[in-house]
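To start, I am sharing the structure in question, which I have written as structure tokens.
The values are calculated or read from the model by the stated rules, or taken from the named source; none is laboratory data. Since the structure is predicted, the reported quantities are computational estimates derived from the model, not experimental observations. Every residue, glycine as well, gets a Cβ built from its backbone with ideal geometry; the counts of neighbours run over all protein chains shown. In case anyone asks, the SASA skips ligands and DNA or RNA and just uses the protein heavy atoms, side chains included. Shrake-Rupley method; radii C 1.70, N 1.55, O 1.52, S 1.80 Å.
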There are 2 protein chains.
Amino acid sequence: MKTLLQVDFPFDGPFGQEMADAMKELAESIAKEPGFIWKIWTENAETREAGGIYLFEGGASARKYLDMHTARLKGFGVPVVNAKVFQVNDALSAIDHGPV
Amino acid sequence: MKTLLQVDFPFDGPFGQEMADAMKELAESIAKEPGFIWKIWTENAETREAGGIYLFEGGASARKYLDMHTARLKGFGVPVVNAKVFQVNDALSAIDHGPV
């Protein structure tokens, strides 16, 4: 069942184009993760936060990625990682044009 | 600038098809909100949580919707609503096939 992974964390930048330049190779590697479908990269320069919304093929691949990514973020100096795993309600998402 | 709204809250159900049946009209009304692009409906029967990931045309429409929706959820008896507003990093999302 399609699984949505919601991740956010305190982040001091870079944001915007500078973030895109710094993290291009990371984004390319994420696209190759097992079970990965897509990621929307999120950022908020005002609240000093960043994160991502991911869609995975199933709960196992989402949880495996989350464990790896949490360790990686801590290696980058991120102090705390907020994460939640959800199933997608397909029928309601379809009414609201949700891209799942 | 496209704005992502991340919402989750404690929820005792219904989940799955029962949730879809109960909330079909709400989903139809959400599709008509100003600035709304899409919503993915999220649920987790194990952790007793639900929520949604939304994409809006801009920050103003996202924040206005969030105020209205938070009040509505509290009216449904939801005790606490976790919400974050983010900008989308388009360049990185494009590499990871993010549907924005």
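What residues from the range B:35-52 fall in the zone where the backbone N is under 19 Å from a label point 7 Å along the Cα-to-C-beta line of A:ALA94?
Residues B:38-43 fall inside that zone.
Next question, about the same structure. Closest beta-carbon to the A-to-B rotation axis: which chain A residue owns it, and what is the separation in whole Å?
Spelled out as residue then distance in Å, it is A:PRO99, 2.
Let me ask something else about it. Based on Cβ point charges of +1 for Lys and Arg and -1 for Asp and Glu, what charge dipole magnitude is obtained for the protein assembly as shown about its Cα centre, in debye rounded to the nearest 20?
It works out to roughly 200 debye.
If you put a point 7 Å past Cα along the Cβ direction, how far is that point for A:GLU28 from the same point in each other copy, in nm, smallest first?
4.8
On to the next question. Roughly how many Å² of B:LYS74 are accessible to a 1.4 Å probe, to the nearest 10?
Here the accessible area works out near 110 Å².
List the residues, sorted by chain then number, that are 5 or more residues from A:GLU49 or on another chain and whose placed amide H is less than 5 Å from its amide H.
Distant-sequence amide H within range of A:GLU49: A:PHE11, A:ASN44.
Would you mind working out the magnitude of the charge dipole of the range B:53-100 relative to its Cα centre, with +1 at each Lys and Arg C-beta and -1 at each Asp and Glu C-beta, to the nearest 20 Debye?
The dipole of the range B:53-100 has a size of about 340 debye.
How much accessible surface area, in Å² rounded to 10, belongs to the heavy atoms of A:ASP67 with a 1.4 Å probe?
110 Å²
I'd like the per residue volume of the convex hull spanned by the Cα atoms of chain B, given in cubic angstrom.
Here the figure is 105 Å³ per residue.
When only Cα pairs under 8 Å and 6 or more residues apart are kept, what is the percent relative contact order across chain A?
42 percent
Right, something else. Cα centroids of the range A:51-65 and the range B:42-61: how far apart, whole angstrom?
16 Å
Let me ask something else about it. To the nearest 500 deg cm²/dmol, what mean residue ellipticity at 222 nm is calculated for chain A from DSSP H runs of n ≥ 4 alone, each contributing -39,500 (n - 2.57), summed and divided by the residues? Spell out each step's value before the answer.
Working: 3 runs with 38 residues, N = 100.
Helix contribution divided over all residues of chain A: -12000 deg cm²/dmol.
Sticking with this structure for a sec: In nm, one decimal, shortest first: how far is the label point of A:ALA60 (7 Å from Cα along Cα to beta carbon) from the matching points in the other copies?
Its label point is 4.9 nm from the equivalent points in the other copies.
Sequence neighbours fewer than 8 away in the same chain don't count; with that in mind, list the lysines whose C-alpha is under 18 Å from B:LYS74.
Excluding near neighbours in sequence, the set is B:LYS64, B:LYS84.
Right, another one. In nanometres, what is the gap between the two model label sites at A:THR47 and B:GLU57, each 7 Å from Cα along Cα-to-Cβ?
Taking the simple label geometry, A:THR47 and B:GLU57 are separated by 2.3 nm.
Under a plain spin-label model, where a point goes 7 Å from the Cα along Cα-to-Cβ, how far apart in nm are B:GLN17 and A:MET1?
1.3 nm
Can you list the distances in nanometres, one decimal and ascending, from the A:ALA91 label point to the identical position in each other copy, with the point 7 Å along Cα to Cβ?
Its label point is 4.3 nm from the equivalent points in the other copies.
Using a 1.4 Å probe, what is the accessible area per residue for chain A, in Å²?
Per residue, chain A has an accessible area of 46 Å².
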